[in-house]
Every structure is written in structure tokens, then in C-alpha cells.
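Encoded as C-alpha cells, the structure appears first; notes follow it.
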Amino acid sequence: MSKIDLSLKNLDELFPSNFSQEQIAKAKTIFLKELALSSHEFYGGKMQTLPKAGVFGFNWFNVYYTPGVSKVSTTIRDNNDTSFQLSNRGNMVAVVSDSTRVLGDGDCTPPGGLGVMEGKAYLMKYLAGVDAVALCVDSYNKDGEHDPDKIIEFVKMLQPSFGAVNLEDISQPNCYKVLDTLREECDIPVWHDDAQGTGSVTVAGLINALRIVKKDIKDIKIVLYGAGASNATIARLILHTGANPDKMIIFDSKGGLHNDRNDIKADKRFYRKWELCEKTNPNKINDVQEACKDADVLIALSKPGPDVVKTEWIKAMGTKPIVFACANPVPEIYPYAAKEAGAYIVATGRGDFPNQVNNSLGFPGILKGALLVQAKKITDEMAVTAAYSMANYAEKRGITPDNIMPKMDETEMFAHEAADVAMEAIKNGVARVNLTWDEVYNRTMEDINQTRDTIDMMMKKDFIKEPDIKMLEDALQIAINEVK
């Protein structure tokens, strides 16, 4: 156990040398879950609230509260947009979920999503200097069903206090109605990260994967396995980027999407899926292996694996096939197995495998850019711009088959992304204020650096305590014992 340390730099090296690749992959998942549970108990969650204004003497309380703050209230009353400058609203995101589809664990009850939503808030703050608060809500109606209108009403009521809303882990079909309604009816950006965020980073990964294999997006055959909010939006954004819908085949749990799927057509709640039925798979293919024959790309966002995507599907694909297996917490097929089956480029949603295609690369920078220009919404054009921003940043510093994406520790990427998205917001006419690219980039870097410096100071002064190494050793031992 002496080889373990707090940096967790190389997880693979923690496990016995006689473990197979499959055993190591399973053990890493167990280890990370066990360590997550113990560390969350140790810290009591991941986020807290701290003032950003100083107390320089007793009368500053009279400035920040009554009577002085009355002037702030009346100023905002007379011009609501001043709330973005006179309060933290301009840098504040509400992370809203009813916890009905948390990662691969399904409905976790309303408070069950708090760990994930706090995680989103943590990444926003650390990666882009954005403040956020987790808001898990009870969406049940009197009949015991999850009611999308309750989420819609909740978000409409809270929007005066926030600069943007990040929707998360809302099951389909409710997620479609919630997002599409709020995007049009709210005066601040409402963003569904499972859909638009995952779509944006997946397009980024696809752009660079295609650059490596020297294929044009308009020529490729694409199979998407899974037709939930993530893959449905990925398909829409890939088409927006130039893919040929006649060469796209999408599968849900009942087969291929096509215009004979009357079950989808009849349920008006699934209108987003029906739009794809009308556009794609003109040959009405219903067998996944048949669809994968000579395919260039397979993108799976379905259910946790590891044997959900079959090696036979990959073997049937064309030259230098690209496989994205992005279910969390376990990919539909492990990267080593996909490579053994012939995949040339493999990506997952996890950072402990090569090529992490995870929305953590997208939402912090995208939301920061939208906040800084006080955008009223995040358009599909802004999401695609973010995809190219991520892809181009990685390409500029160099890409390989095992390194197609930026990584979360490439700090400047988030500032580039924020600036690119902000410029697209201005171009799309949804920004309240105009800033230059450099202004957005510099402000984002300042906020990121201030956040990092604050966290470093708190760690050095023991305000953020270092966990006992035994916590890590216990989690590792549990993982080893379960896999042996």
C-alpha cells in the first residue's frame, strides 16, 4: 500500500501486477467510488459559501446591509440589468436537477443528485471561476409522477437571482420539454449539459478524430447507439456541423430510428427523437451489426458496460474506425477491448483512460463566456463554436490517436473557449453587452487564477484539510478484494 499517494497520478500502477486489463478497469471504478464516498463524508460535501467583500470596520455592515444597501435595491428596481453588476448574479449559475437520471444509476430520488450537482459547481469554480449552487428539486405531482412543468415553473421563479441555469440529470422525455420551453421563455441562458454539453464535447472529439484519420464529416457513415437526450443532441449537432443524415443510423432500445417508427411518432413527448426518425436511416436498418458494416464512427451513450457494445460490431466497421463509448461510470466497452477488435481511435467519458470526451471540458468555459456578455440564451451555434474551440486548441498543441482532446488541467483552454463562445453570442445577437475576445479571455484567466490561489491558500492554512492516507488505502483494498 505504500505506493499510494494523494496525487493519484497513475491509478493503473496501484493494482497488483498480475491483474488483467479488465481487472484493473473494474478495480479502478470500485476504488474511485469508494474513495468518493469516504471523501464526501470527510469534507461534508464539496462546496461552501464565502464572502468576497472585506470587513474593514464595524460600519461596513451598514454598507453591505441596511441602511446603505437600500441604494442597491432601488437601483436594480429601476434597471433590472444592473443586478448583473451590483450582485453576484452575473457570475452565478443554478445547477438544477430532479435527479431522475443520475449518471448510470437512474432515479436516485431528489436529494440523490446532490453529489453530482455539487460536482458540477466545483468544476465550474475551479476550471472557469464561475460560482454555482446545487438545487435538487422534487418534481413529483399529486399522482406520483415526475412533472416537467414543476421544473419549468421552478426555474422561471429562480431566474432573477442567477445569470444562467445548468439543467442536469433529468430523464427523457421530460428533459426535452423542460429545456425547449425554458430556452424560449427565460431571459437568461438555460443549458442542458447532458444534452448540449455532451453534444459539444463529442463534436469536438469527432472533429479531431476525423482530422487524424483524414476523413471529411460529410462523407462518413455514423452509427449512434442510444437515443437519449445526450445522443439525440449529439446527432443534431453533428448534422449541424455538416454530416450527411442519409449516412447516420441511430438506435434506441427498440431498434433503429426511421420514419416507420410509429411508436415514437405517436408519443408527442418524444418529438426530438421523431425529428431524427424523419431525417436519418433512410434504409430503415434495425440491426446494429448490419448498421456498423463499413461504418466510420460508432458513438455510444446508452447504458454502463462493459459488454454493451460488442466486439463484432467494431470488427464490421470500415478502415481506421472511431469508437466513442461514453456511458458513465463504466463505458459500453473498455478501450483495450475496442482496440483489440480493431478500433483505431477510442474515447470514453473517463479521465483515467485516454481521450476523455466529457462535458467537463465544455460547460465551465461555455457558461463563463455566456455570463461575461450577459447572454440571454446559448444557441446551437454557440455550442458548435465551443466544439471547434476545444478541437482547435488541442490540435494546435498536437493530437494523436490517444490524445484527441484537451485535458482539464489545460487551464488556458477554458479561457479560449469562453472568449470564442462570447464572440459567437454577440454575433448571434443574444448578448446584452459587447466585449472583445481579449477582454473575455483576460477576465476568465483572472477569475480562474484567483480561484486557484484561494484554494491553494486554504489548503496551506489547513482550512481545507488533507485526507488521511488510510482513506485511500482502505478504498484501494476494497477494490482489490472485490476484483480478485
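Computed quantities for the displayed model
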quantity: Helices (runs of 4 or more DSSP H) fully within segment 270-321 counting 1 or more residues that are under 20 Å from HIS240 (Cβ atoms) and of a type outside the set (A, V, I, L, M); calculated: 271-279
quantity: Residue ID - modelled with the lowest pLDDT, chosen from residues in segment 160-189 that are surrounded by fewer than 21 Cβ atoms within 10 Å (Cβ to Cβ), touching a Lys or Arg at 6+ places or on another chain (Cβ under 7 Å) and among the polar types (S, T, N, Q); calculated: SER171
quantity: So ASN283, is it at pLDDT 95 or above, polar (S, T, N, Q) and surrounded by 14 or more Cβ atoms within 10 Å (Cβ to Cβ); calculated: no
quantity: Qualifying residue in segment 200-213 (condition: under 28 Å from LEU371 (Cβ atoms) and either surrounded by fewer than 19 Cβ atoms within 10 Å (Cβ to Cβ) or of a type in the set (Phe, Trp, Tyr) (or both)); calculated: no
quantity: Selected residue (only one of ASN481, ASN449 is of a type outside the set (Phe, Trp, Tyr) and closer than 22 Å to SER389 by Cβ); calculated: ASN449
quantity: Pick from segment 190-225, criterion modelled with pLDDT under 95 and either among the charged types (D, E, K, R) or over 13 Å from the mean Cα position of the chain (by Cα) (or both), ranking: nearest to SER389 (Cα to Cα); calculated: ASP193
quantity: For LEU37: the one exception among (1) under 26 Å from the mean Cα position of the chain (by Cα); (2) in contact (Cβ under 8 Å) with a residue 24 or more places away in the chain; calculated: (2)
quantity: Filter result for the condition that a residue is over 25 Å from GLY351 (Cβ atoms) and surrounded by 14 or more Cβ atoms within 10 Å (Cβ to Cβ), over VAL430, VAL421; calculated: VAL430
quantity: Unmet criterion (only one of (1) part of a loop (DSSP other than H, G, I, E, B); (2) acidic (Asp, Glu); (3) within 25 Å of MET124 (Cα to Cα)) for ASP219; calculated: (3)
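The values are calculated or read from the model by the stated rules, or taken from the named source; none is laboratory data. For clarity, every value in this text was computed on a predicted model and none was experimentally measured. Because the Cβ atoms are built from the backbone with ideal geometry, glycine has one as well, and the counts that use them run over all protein chains shown.
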